[in-house]
Structures are given as structure tokens and as C-alpha cells.
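Undergrad: Take a look at the following structure, please.
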Amino acid sequence: MAQTSEQARDSYVKGIEAKAGRPIADLVAEVASWGPGKHGELLAKAKDALGLGHGHANLLVHLARDHVEAAAGAPPDADDPLDAIYAGSKAPLRSLHEALMARLAGLGSFEVAPKKANVSLRRSKQFALVGPGSRGRLEVGVNHRAAEATERFEALGPGKMCSHRAFVTGPEEIDDELLAFVREAYEAAE
């Protein structure tokens, strides 16, 4: 059974609590007490001070900022990080994102790390990146350095977050070919 974005976030929060050895409310309060620094500075401090990985620290900093804004009477950025990623003209892509995630759940265990503009999928390292692409398409970035480029899987240059990418415009394109390509990257990311 595939996880909803809320279940994935809850699972991620439990991972933060397990790694830091403290309840999320305490961690959010601590990060909020550090003041309104730049996101990257707070992220680095959370990684160092709390022993968190990048994805966990990133979510914790976002939760702390939401906490500070709520305490000041401002509405939080979003209860669900996908709400911000798939806002406005990108909203129609959310159903494709959720359909893809439902199919990818069959790969096995992996970390879902929402970022500002997309969602990173990780094992010991990132194997895929999913988010809104250009021209109303869902972009699926894949780290599969050993693979050759094809008509469907464009090779990206050095320094990019992924080695390849493909675009999805409809649920029928979440097919066996796409899933096999992502599975190979998943297996290589042990």
C-alpha cells in the first residue's frame, strides 16, 4: 500500500525523533530559538548540533519556521510540503506525483525528503527527484550514472542533481519502462 504525503511526512518526523533522540516539539522549539537566520545556516547548524542528515535537517528547519510564523500569528507555509510544491499552475501535476509515488512504493524502503521545489527520494544517497517540470509536465530526475541516454531518458550534464530525467504528462506514462529505470537507480543507491 502506498503512503500518502501525510503518512510520509509523519514517518519522516519519526525518523528525525529517532536520530535526535528527542520529541519533535522539543527539536522544533530548539531550532526556532536559534533566531531568523538564513535557511542554509540553520540547516547546517541543525545537521551539526543534532546529528541529522540533510533531508531531516531541512524538514526540521521548515517546521521551526512554520512554528515561529504561527506564534507570530502568520499562517504556516503549508501543513503539507506538497501543497507548496504543487501550488497555482502546478496543482494539476500533484495527481501525477501521487500516482508515481504509489507505484514507487513497490520498490521497498526509502526516505521521502520534500524540498522547496521537488521531492528527493533517498536510500543511502539520492536515487530520484520528483517535481513540477516545464510545460505542465512532471519531471522525474534519476541518478543512474551507468545508464545510456535514450529518447525518453535525457542525460544531464555534470553538476546536476540527477544524471537523467524523463517527463510525465499522463498516468499512462508511469509505465514499466519508467519504473524499471528508477528501480535500477534505487538498487544502485544502497
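Undergrad: Starting from region 137-154, keep only residues that are surrounded by fewer than 18 Cβ atoms within 10 Å (Cβ to Cβ), then list their pairs with residues that are β-branched (V, I, T) whose Cβ atoms are within a distance under 7 Å, requiring at least 6 positions of separation or different chains.
TA: R137/V168; R137/T169
Undergrad: How many residues does region 7-43 contain that are in a helix (DSSP H, G or I) and either without any contact (Cβ under 8 Å) to a residue 60 or more places away in the chain or more than 19 Å from the chain's Cα centre (by Cα) (or both)? So that I can check it myself, show each step before the final result.
TA: Kept after step one, since they are in a helix (DSSP H, G or I), are these residues of region 7-43: 7-20, 24-33, 39-43.
Checking the rest, the ones that are also either without any contact (Cβ under 8 Å) to a residue 60 or more places away in the chain or more than 19 Å from the chain's Cα centre (by Cα) (or both) come to 7, 10, 13-14, 16-20, 24-33, 39-43.
Total meeting the criteria: 24.
Undergrad: Condition first: of a type in the set (D, E, K, R) and touching a helix residue (DSSP H, G or I) at 6+ places or on another chain (Cβ under 8 Å). Can you find one or more residues in region 118-126 that meet it?
TA: Scanning region 118-126, I find at least one residue that is of a type in the set (D, E, K, R) and touching a helix residue (DSSP H, G or I) at 6+ places or on another chain (Cβ under 8 Å), so the answer is yes.
Undergrad: Same structure again: Can you pull out every residue in region 162-174 that is surrounded by 13 or more Cβ atoms within 10 Å (Cβ to Cβ) and assigned to a loop (DSSP other than H, G, I, E, B)?
TA: Those that are surrounded by 13 or more Cβ atoms within 10 Å (Cβ to Cβ) and assigned to a loop (DSSP other than H, G, I, E, B): C162, S163, T169, I174.
Undergrad: Residues in region 175-183: is at least one under 20 Å from R122 (Cα atoms), of a type in the set (F, W, Y) and surrounded by fewer than 19 Cβ atoms within 10 Å (Cβ to Cβ)?
TA: Within region 175-183, the first condition is being under 20 Å from R122 (Cα atoms), and the residues that meet it are 178-183.
Still in the list and also of a type in the set (F, W, Y): 181.
Checking the rest, the ones that are also surrounded by fewer than 19 Cβ atoms within 10 Å (Cβ to Cβ) come to none.
Among the residues of region 175-183, not one is under 20 Å from R122 (Cα atoms), of a type in the set (F, W, Y) and surrounded by fewer than 19 Cβ atoms within 10 Å (Cβ to Cβ), which makes the answer no.
Undergrad: Can you find a residue in region 114-124 that is within 30 Å of R65 (Cβ to Cβ), assigned to a loop (DSSP other than H, G, I, E, B) and touching a Phe, Trp or Tyr at 6+ places or on another chain (Cβ under 8 Å)?
TA: Within region 114-124, the first condition is being within 30 Å of R65 (Cβ to Cβ), and the residues that meet it are 114-124.
Now drop any that are not assigned to a loop (DSSP other than H, G, I, E, B), which leaves 115-118, 123-124.
Cutting the leftovers down to touching a Phe, Trp or Tyr at 6+ places or on another chain (Cβ under 8 Å) gives us 123.
Among the residues of region 114-124, at least one is within 30 Å of R65 (Cβ to Cβ), assigned to a loop (DSSP other than H, G, I, E, B) and touching a Phe, Trp or Tyr at 6+ places or on another chain (Cβ under 8 Å), which makes the answer yes.
Undergrad: Limited to region 128-137, what total is found for residues that are farther than 12 Å from P92 by Cβ and assigned to a strand (DSSP E or B)?
TA: So the answer is 4.
Undergrad: Sort out which residues of region 138-161 are assigned to a loop (DSSP other than H, G, I, E, B) and among the β-branched types (V, I, T), and write them in order of number.
TA: Keep residues of region 138-161 that are assigned to a loop (DSSP other than H, G, I, E, B), which gives 143-153, 156-161.
Of everything in region 138-161, just one residue is assigned to a loop (DSSP other than H, G, I, E, B) and among the β-branched types (V, I, T), namely T150.
Undergrad: Moving on to the next point. Can you find a residue in region 81-100 that is assigned by TED's automatic domain parsing to the domain that holds F181, assigned to a loop (DSSP other than H, G, I, E, B) and not aliphatic (A, V, I, L, M)?
TA: yes
The values are calculated or read from the model by the stated rules, or taken from the named source; none is laboratory data. Treat the numbers as computed from the prediction; the structure is a model and nothing was measured. Methodologically, a virtual Cβ is constructed for each residue, glycine included, from the backbone with ideal geometry; neighbour enumeration extends over all protein chains shown.
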